[in-house]
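Comments concern the structure below.
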Amino acid sequence: MLADTATRGSDSRMTVIAFCFTFGFAVIIGQLVRYQVLEHSRLEQEANHERIRERELPARRGYIADIHGNPLAINGVQWNISVSPPLIPNSKKEPLAYRLASLLELPRDQVYAALTADRPWVLLATHVDQQVGEAIMDLGVHGITCEPKPVRHYPEASLFAHLVGFVNETGDGFYGVEGYYNPALKGNPGTKLFEQDPAGYQIPIPSLAESAPRPGPNLILTVDRNIQQIVREELERALQEFGAEKGTVMVMNPKTGAIMASYSTPTYDPNHFGEADPPVLSDPAVSGIWEPGSIMKVVTWGGGLDSGTISPGTTFYDDGALEVGGRVIYNWDRKGRGLVTMEEGLIQSLNTVAAFISTSMGTDRFYNYLRRFGFGTTTGVDLAGEVPGMMRQPGDSNWFPSDLGINAFGQGIAVTPLQMITAVSAVANHGILMRPYIVHQFVTEDENGQEQVTQVEPMSIRRAISREAADTLTEMMVTAVEREGYSKAHVDGYRIAGKTGTAQIPTAYGYHPTDTIASFVGFAPADDPQFAILVRLERPTASPWGTQTAAPTFRAIAERLFVYLQIPPDDIRLAGQ
Amino acid sequence: MDWILLGTTASLIALGLMMVYSSSSDLGYREYQNPAYFFQRQLIWLAIGGTILFVVSRIEYHHWMKVSILIMFATVMMLLLLVLFSKERQLLGQSISPVELAKLAVVVYIGHWLASKGDLLRKLPYGLLPFTIMVGIVAGLVLAQPDISEAMVIVMVAVAMFFLAGAELLQFVIGIGGGIGAFVLVINQIPQAMSRLQGWGADWKNPLSSSNVQLKQGLLALGSGGLLGLGPGSGRMKYRWLPAAHTDSIFAILGEELGLIGGLLVIGLFALFVYRGFRIAAKAPDPFGRLLASGITCWIGFQALINMAVVTGTMPFTGIALPFISVGGSSLVTCLIGVGILLSISRAIDLPPRAEKG
């Protein structure tokens, strides 16, 4: 054949090309071996490093409810709305700006400016309500992102603001129950080990590891929404009627120490805590202190009776003034009563008698009783921000011998409303001081979703005074209420034990000449106390006296509590026994 | 007919379809809310390509000589259109890549031209000069897209065919030298290509510190695959980590999911394809058949090599499909036409020698 030589030449040339291919494939195989075998672990590690992430799975915060299960703090969702201008067609921007502006209640120009911004992503609005956010999602526009943000809702708004507190932007609770139980309420966050895409989203394969978050326990409080409502109405009525600036009312079960209600003004709406005046945030019932004045005499008389220093019939000649440690102590009207019994001294709230009791007891015994009633330390209540008050004692550099006299009627010592009502509740509870508390039940969910309820048992701290001393003191307080002077606290058909106070307000230059803090503390029914009430009104203008302002407020609340708690009048109740 | 070549092609396509679905489902879902979007389109192109392959394999391959000039003319026109009027590399809404067609046209046309010259090739005015001009025009137009890798495939295929056609070795060496010189000049004019070339040296030593995302992520994909791979469908890099995961970088995803074993399988199939292609060329009854068969073999073989070399960081530059495997209708259909022509030539081998005309 003619083409023989050419063909043979072509064959050898084809061999050359075939060799080139063999070489090429060999190089590729070499490269594959290099990367997939020799450097496999290094490359795999690098790939995992850029792709595997650990993310915290937030735990559900426990909700908070009152003793009947009415929600006080629950979890909800708000939205952060953002837009990606490049993803939205220009023709749609005008009508879309109109829709978004009306939904978000924003100026249309502002929305349009965001939609046409030369940026890949613009945050349009935060804290958007759930319904509005869902309406925006329903628009179904590609390029609008609705990011859910967990948010705490307080259905009762300001009613429980001080007791419950609030949760801030980062999910931490402050003040009240939210603050005290913050670590528990938060629960234990879970973690998720997953693989992400470059934008940080999980790629659609199962997570490498996942531990489920454990939700925080739900808290059932000892408070009753209806009692709280009664307390608020009556306190606000009193503030208006008596022209007072501020006030606090607490209601406690004296047998257990359970806080049934606690309301102070001024208050705030925890749903909008950011708009509140910062000093308003803390709870005056546990964080506020004042010189209580005459209601402190309950403690002085209690100590005197228990120590045997006095009995109700012990007499003292009151000439209107008594000198203690170089300081002269006067009665509220600067008048002497002559020979008076200890009972009369309490009823008429005589400062001279109080100083007589404390000086007769001596410093050691008197301050020992203050401590036994819980003053000078925190009560241990499960509310955030509790302060111990200010109690100077012998041995302290700023303690003066005259303090022994003035402390006996509540001057020179500052206490919290909670300390005061807890101490008086000890008298109601036959002398045993209970630890005040606010959480009634912890409700947790186990792995199977079963609710487990842990009941909080009332806890006694110590015996403050003997049963006999406490009962005797109670009878004296009942007489005090029934006597003319306190009649404004009296409720027909019920024996009420109580004590008024009219405290002067200390300033940098001695006590304020006119302003007072009026207070009343009491409990009922006297033989089987169902509630103790503390009323504290700051600077009432209608009358400076506790008898004229705090006492009627106490009565208004007590009247409604007898009805609400279905406590029959004493004669009916005692006849039935 | 060469059933082994057809079986090799079918195996590559089957492997390819699996990888197409795996590598494109995330993108398909994100862009078209359909994870099978690219897979379905690839199936349609396979049906079209398969039909054409069947028809072409039945057509006596000498008929291509009649249309070679027409095809070449049409290809040059389309490339010109692209260069002059379009910023894209595709025509008719991204559905047709003239570059893919250009490779087929070059093989057919140059095969025809070289075969018709016979021993005249050894003379300079008939050999190297017109050859250089022809190849230069097509390669230049492709380069102007700019598509360096495709231009390289065209030049390499043309040079291989010129060599096989019996070019004078001295001419050939001069031609190669001139070609490399021209290539360096062109590279110098494209700053993007220049920086790629400069970065390549460093990338070869330490690919993980490469600023070339596609290279780095591709190597991480290959490396993660190891010996046996993460398993079909279990790759991670296709989730937006690796650009062009379903097209030019599909070999990296294949290495990630099927490991070294899968990579060796693909290389083995392409090696078998090249072997069968050259076997057909060697046994082809005439110079046109021989040149046409080796041209098609070199085209698909070189393109596969360049693709894998780019993915493994062996060669700089990007932007070339892995034949039979990457997503892309134009590439699949033209490759299948090429296989059809190869089969047609293989059928001619089995026939009794034709009586010489005249």
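The values are calculated or read from the model by the stated rules, or taken from the named source; none is laboratory data. Since the structure is predicted, the reported quantities are computational estimates derived from the model, not experimental observations. As a convention, Cβ positions derive from the backbone with ideal geometry for all residues, glycine included, and neighbour counts pool all protein chains shown. What goes into the accessible areas is simple: the full protein's heavy atoms, side chains included, and nothing from ligands, DNA or RNA. Shrake-Rupley method; radii C 1.70, N 1.55, O 1.52, S 1.80 Å.
Mind telling me which of the residues A:A59, A:A101 ends up being in a helix (DSSP H, G or I) and open to solvent by less than 90 Å² (accessible area, probe 1.4 Å)? After ruling out the rest, the residue left standing is A:A101. Against the conditions (1) touching a Lys or Arg at 6+ places or on another chain (Cβ under 6 Å); (2) of a type in the set (S, T, N, Q); (3) not in a strand (DSSP E or B), A:S41 satisfies every one except (1). Taking each residue of segment A:302-322 that is farther than 24 Å from A:S466 by Cα and looking for partners that are assigned to a strand (DSSP E or B) and at pLDDT 90 or above with beta-carbon atoms closer than 6 Å, six or more apart or interchain, yields A:Y317/A:L339; A:D318/A:V340; A:A321/A:V328; A:A321/A:Y330; A:L322/A:I329. Number of residues in segment A:112-162 that are of a type in the set (A, V, I, L, M), part of a strand (DSSP E or B) and either loosely packed, with under 14 Cβ neighbours inside 10 Å or touching a Leu at 6+ places or on another chain (Cβ under 6 Å) (or both) equals 2. Per the listing A:A414, A:A428, A:A464, the residue uniquely in contact with a strand residue (DSSP E or B) (Cβ under 6 Å, 6 or more places away or on another chain) and open to solvent by 10 Å² or more (accessible area, probe 1.4 Å) is A:A414. With a requirement of 2 or more residues that are within 14 Å of chain B (Cβ to nearest Cβ) and over 29 Å from B:R30 (Cβ atoms), none of the strands (runs of 3 or more DSSP E) lying completely within segment A:165-243 satisfies it. Checked against the criterion of being at the interface with another protein chain (Cβ under 7 Å from one of its Cβ atoms), in contact with a Gly (Cβ under 7 Å, 6 or more places away or on another chain), at pLDDT 90 or above and assigned to a helix (DSSP H, G or I), the candidates B:G259, B:G223 yield just one match: B:G259. If I filter segment A:508-524 down to residues being open to solvent by 60 Å² or more (accessible area, probe 1.4 Å) and either outside any loop (DSSP other than H, G, I, E, B) or in contact (Cβ under 8 Å) with a residue 60 or more places away in the chain (or both), which single residue comes out as farthest from A:P544 (Cα to Cα)? So the residue we want is A:Y511. Among the candidates A:R61, A:R53, the residue that is under 39 Å from the mean Cα position of the chain (by Cα) and either closer than 30 Å to B:I253 by Cα or within 14 Å of chain B (Cβ to nearest Cβ) (or both) is uniquely A:R53.
Could you say whether any residue in segment B:227-234 is within 13 Å of another protein chain (Cβ to nearest Cβ), more than 28 Å from B:G140 (Cα to Cα) and touching a Ser or Thr at 6+ places or on another chain (Cβ under 8 Å)? Step through it out loud before you land on a result.
Let us first name the residues in segment B:227-234 that are within 13 Å of another protein chain (Cβ to nearest Cβ), namely B:227-231, B:233-234.
Those still in the list that are more than 28 Å from B:G140 (Cα to Cα) too: B:227-231, B:233-234.
From what's left, touching a Ser or Thr at 6+ places or on another chain (Cβ under 8 Å): B:230, B:233.
Yes.
Residues that are open to solvent by less than 10 Å² (accessible area, probe 1.4 Å), at the interface with chain A (Cβ under 10 Å from one of its Cβ atoms) and not small (G, A, S) within segment B:292-306 comprise B:T297, B:C298, B:I306, listed in sequence order. Set side by side, the residues A:P155, A:P204, A:P198, A:P150 differ, and just one is touching a Pro at 6+ places or on another chain (Cβ under 8 Å) and over 30 Å from A:P436 (Cβ atoms), which is A:P150.
Looking at B:V213, B:V184, which one is of a type outside the set (G, A, S) and facing chain A (nearest Cβ under 10 Å)? Step through it out loud before you land on a result.
Details: B:V184 fails: facing chain A (nearest Cβ under 10 Å).
The conditions single out B:V213.
Against the condition open to solvent by 10 Å² or more (accessible area, probe 1.4 Å), outside any loop (DSSP other than H, G, I, E, B) and more than 10 Å from every other protein chain (Cβ to nearest Cβ), how does B:R276 come out, does it pass? Here the answer is yes, as B:R276 does meet what is asked. Evaluating A:S207 against the criteria (1) over 30 Å from A:R555 (Cβ atoms); (2) buried (at least 17 other Cβ atoms within 10 Å of the Cβ) leaves one unmet condition, (2).
One line per residue, one yes/no per condition, for (1) over 27 Å from B:N307 (Cα atoms); (2) open to solvent by 20 Å² or more (accessible area, probe 1.4 Å); (3) at pLDDT below 80:
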{"residue": "B:T75", "(1), (2), (3)": "no, no, no"}
{"residue": "B:L82", "(1), (2), (3)": "no, no, no"}
{"residue": "B:K87", "(1), (2), (3)": "no, yes, yes"}
{"residue": "B:A102", "(1), (2), (3)": "no, no, no"}
{"residue": "B:Y109", "(1), (2), (3)": "no, yes, no"}
{"residue": "B:Y126", "(1), (2), (3)": "yes, yes, yes"}
{"residue": "B:M134", "(1), (2), (3)": "no, yes, no"}
{"residue": "B:I148", "(1), (2), (3)": "no, yes, no"}
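Going residue by residue through segment A:174-183, is there one that turns out to be of a type outside the set (G, A, S), open to solvent by 40 Å² or more (accessible area, probe 1.4 Å) and closer than 22 Å to A:E275 by Cβ? Steps first, please.
Pass one, segment A:174-183, residues of a type outside the set (G, A, S): A:174-175, A:177-178, A:180-183.
Retained after the next criterion (residues that are open to solvent by 40 Å² or more (accessible area, probe 1.4 Å)): A:174-175, A:180, A:183.
Now narrow it down to the ones that are closer than 22 Å to A:E275 by Cβ: A:174-175.
Yes, there is a match, as at least one residue in segment A:174-183 is of a type outside the set (G, A, S), open to solvent by 40 Å² or more (accessible area, probe 1.4 Å) and closer than 22 Å to A:E275 by Cβ.
Tell me whether segment B:96-109 contains one or more residues that are charged (D, E, K, R) and within 21 Å of B:I300 (Cβ to Cβ). Within segment B:96-109, one or more residues are charged (D, E, K, R) and within 21 Å of B:I300 (Cβ to Cβ). Against the test of being out of contact with any Asp or Glu (no Cβ under 9 Å at 6 or more places or on another chain), open to solvent by less than 40 Å² (accessible area, probe 1.4 Å) and not acidic (D, E), the options A:V340, A:V286, A:V299, A:V324 yield a single qualifying residue, A:V299.
Among strands (runs of 3 or more DSSP E) lying entirely in segment A:288-371, which contain 3 or more residues that are of a type outside the set (V, I, T)? Walk me through how you get there before you give the answer.
Details: elements: A:315-318, A:321-324, A:327-330, A:338-341.
Answer list for segment A:288-371: A:315-318, A:321-324.
The sole residue among B:S23, B:S11 that is assigned to a helix (DSSP H, G or I), open to solvent by less than 30 Å² (accessible area, probe 1.4 Å) and not hydrophobic (A, V, I, L, M, F, W, C) is B:S23. Note on segment A:525-554: residues that are surrounded by fewer than 24 Cβ atoms within 10 Å (Cβ to Cβ), not acidic (D, E) and not in a loop (DSSP other than H, G, I, E, B) amount to 1. A residue that is farther than 30 Å from B:G338 by Cβ, over 25 Å from the mean Cα position of the chain (by Cα) and assigned to a helix (DSSP H, G or I) occurs nowhere in segment B:150-169.
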